[in-house]
Amino acid sequence: MWTFAAALGGIGWLLYVDRSLKDGFDKVDVGHNREQVESILGKPSGIEECGHFGGKNSQTIPAGCVKEYSYLSLLSFVEVWTVGFDDAQRVVSKYRYTSP
């Protein structure tokens, strides 16, 4: 019985975290600073060079982007949200990537 309750609680927590990430991502706007992003989304799953998930050609990397925060969906593992920052640590892009 306790195992079932723990599993149900774990699933509930994953759903909550996933929903919070999606809702928070909608609140992040171009121009927000790094501190604002972290207060909305929390610490990133990773910090990557721009284009890490979307391809590293000049057409897919936003102008001025120097690093991207990545937030991995703990529920599906096929979704990642990225927030790109410029030298002044201001948001210049945000993307949601999914894998088929």
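The values are calculated or read from the model by the stated rules, or taken from the named source; none is laboratory data. Please read these numbers as outputs of a predicted model, since none were measured by experiment. Methodologically, a virtual Cβ is constructed for each residue, glycine included, from the backbone with ideal geometry; neighbour enumeration extends over all protein chains shown.
Data for the structure
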quantity: Residue count, the range 46-100 (criterion: crowded, with 16+ Cβ neighbours inside 10 Å and at pLDDT 90 or above); calculated: 21
quantity: Residue list for the range 1-44, filter: within 11 Å of the chain's Cα centre (by Cα), at pLDDT 90 or above and either surrounded by fewer than 11 Cβ atoms within 10 Å (Cβ to Cβ) or not in a loop (DSSP other than H, G, I, E, B) (or both); calculated: G24, F25, D26, V37, E38, I40, L41, K43
